[in-house]
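Trainee: Take a look at this one; I'll ask things after.
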Amino acid sequence: MNDTPGWASPGSAPSDGQNGQDPATPGPARPEDQPRPPEPASEPAQPGPAPSGGPGSKWSKEQPPPAQWPSPGGGPQGAPPQAPPPPPPGPGWGPPPTGPGWGGPPAGGPGHGGYGPGGHPGWGGGWGGPPPAAKPGVIPLRPLGVGEILDGAVSTMRTHWRTVLGISLTVAVLTQIGVILLQGFVLDDSATAETLDDPSATAGELTRALGETLLNSGVVVLITLLGTIVATALLTTVTSRAVLGKSVTTAEAWHDARPQLLKLVGLTFLLPLIAVAIAGVGVLPGLLVGLAGGGDGAIALAVLGGLAAAVVALWLMIRFSLASPALMLEKQGVLKSLSRSAKLVRGSWWRVFGIQLLATIIANIIASIIVIPFTFLASALSGDGVSSFLESSTSDLGWTFLIVSGIGSVIGSMLTFPITAGVTVLLYIDQRIRREALDLDLARAAGVQDYGSGTPGPTPGS
């Protein structure tokens, strides 16, 4: 076995016929004029072949220390030159071997594959874990956790607060002005409320009053939904730029979102229609059985069908929940964005559902903390008191109530719009990073050097 530098010490017994021969084979005599070092008393004699013509003591016992090997030309005349000895060993194991994983540069050269001093900072001296992901903007460019998605939405609002709060405030103010004007001049619910509270009202009157109430509520929801669509479109652009560490003005966000705005309106109205259609299909068998005189069985069938339809509708709504950012950022059509969302959510339904539910709960809690005190303040300032608000309809409380409660709704919407829109966009980006390696494209767009090449580049903003 040949000695390999770094693995065997220089004091190992000669092998492969070098520097030592079989006792029966004549070989070069060991020079006698070299001074012999003192033998350590504690070192036991080791068996080994003695060179012919030499003393009878063992070769491994009489070899000099590593620093006192005789020079190649110090032997007798005609003796074959000996190979130069290896350098003195370092502490413990001698010179470290070179190659991938041993602290020196690998075969590919310095900086290849992240080894050694010029490569990955963890292999040359002590394992320090993987390098941090590049973070040019509000999130690191890697798969995100739940907390990082929520923090990214809040960081977008905090970092780009002028644009984010400006968009949210403008949309919320315009929306609430429309709602207040409609409730004050057009949507008078006082007669409807009296009819619904009248125990002597006929079935026709109750049906008509209930229809008017649903129509009025639907108009308010429609106006609020339109405002939400505009805010979502603009904030999607702002959040996507914030991921790259770039700011955007309100005018730039509007210029980017305007071509897709009508498609976003169609998508936003299509999703509730799908849910209503599914609910109708689920309840329809029970209604048919009831019309045929099914009695209690028809009611039970309608309830079971409604529950099953609700589960299916919820499953589809979560599956299509990423269609809005897909439509805005990929410039897709309505049906294509639905298909993209279904593809991204496939296999991650529960995760997407949990994050969306958590964001909705947080947004509603924030809105309630702001809106409820303003509502009680509005009822107190309207002159009728809080009890009147609890017992009467909103229209009976007058303009003071509508204006003060509208101010609370504006403040609540101004804070909740960025959270809900930001979480949806970041969840879409996270799913694309996990499935399509979108982080590489984001890093190039953000100007991160050498991202994904094995050698970490600068990470601005981290």
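The values are calculated or read from the model by the stated rules, or taken from the named source; none is laboratory data. These numbers were taken from a predicted model, which means no experiment stands behind them. As a convention, Cβ positions derive from the backbone with ideal geometry for all residues, glycine included, and neighbour counts pool all protein chains shown.
Trainee: What about GLY290, is it farther than 27 Å from GLN431 by Cβ, in a helix (DSSP H, G or I) and either among the small types (Gly, Ala, Ser) or in contact with a Phe, Trp or Tyr (Cβ under 6 Å, 6 or more places away or on another chain) (or both)?
Mentor: Details: farther than 27 Å from GLN431 by Cβ: yes; in a helix (DSSP H, G or I): yes; either among the small types (Gly, Ala, Ser) or in contact with a Phe, Trp or Tyr (Cβ under 6 Å, 6 or more places away or on another chain) (or both): yes.
The answer is yes for GLY290.
Trainee: Determine whether SER379 is at pLDDT 90 or above and among the hydroxyl-bearing types (Ser, Thr, Tyr).
Mentor: On the way: at pLDDT 90 or above: no; among the hydroxyl-bearing types (Ser, Thr, Tyr): yes.
Judged against the criteria, SER379 is not a match.
Trainee: Being farther than 22 Å from VAL138 by Cα, in contact with an Asp or Glu (Cβ under 9 Å, 6 or more places away or on another chain) and either of a type outside the set (Asp, Glu) or at pLDDT 90 or above (or both) is true for just one of THR400, THR455, THR394. Which residue is that? Spell out the reasoning first.
Mentor: Working: THR400 fails: in contact with an Asp or Glu (Cβ under 9 Å, 6 or more places away or on another chain); THR455 fails: in contact with an Asp or Glu (Cβ under 9 Å, 6 or more places away or on another chain).
Just one listed residue meets the conditions, THR394.
Trainee: Which condition number in (1) modelled with pLDDT under 95; (2) in a helix (DSSP H, G or I); (3) within 25 Å of the chain's Cα centre (by Cα) is the one that PRO130 fails?
Mentor: For PRO130, the exception is condition (2).
Trainee: Answer yes or no: is there a residue in region 201-222 that is outside any helix (DSSP H, G or I), among the hydrophobic types (A, V, I, L, M, F, W, C) and farther than 30 Å from ALA445 by Cβ.
Mentor: We begin by selecting, within region 201-222, every residue outside any helix (DSSP H, G or I); these are 201-202.
From what's left, among the hydrophobic types (A, V, I, L, M, F, W, C): 201.
In the following step, the residues that additionally are farther than 30 Å from ALA445 by Cβ were identified as 201.
Scanning region 201-222 turns up at least one residue that is outside any helix (DSSP H, G or I), among the hydrophobic types (A, V, I, L, M, F, W, C) and farther than 30 Å from ALA445 by Cβ.
Trainee: Now for a separate question. Please name all residue pairs, on different chains or six or more residues apart, with Cβ atoms under 9 Å, provided the first residue is in region 202-224 and is of a type in the set (Val, Ile, Thr) and the second residue is assigned to a helix (DSSP H, G or I) and loosely packed, with under 14 Cβ neighbours inside 10 Å.
Mentor: VAL219/VAL186
Trainee: Filter region 133-163 down to the residues that are of a type in the set (Gly, Ala, Ser), assigned to a loop (DSSP other than H, G, I, E, B) and within 23 Å of ILE362 (Cβ to Cβ) and list them by number.
Mentor: We begin by selecting, within region 133-163, every residue of a type in the set (Gly, Ala, Ser); these are 133-134, 137, 145, 147, 152-153, 155.
Still in the running and assigned to a loop (DSSP other than H, G, I, E, B): 133-134, 137, 145.
Passing the criteria: GLY137, GLY145.
Trainee: Taking GLY166 as meeting all but one of (1) touching a Lys or Arg at 6+ places or on another chain (Cβ under 6 Å); (2) in a helix (DSSP H, G or I), write down the number of the exception.
Mentor: In the conditions (1) touching a Lys or Arg at 6+ places or on another chain (Cβ under 6 Å); (2) in a helix (DSSP H, G or I), GLY166 misses (1) alone.
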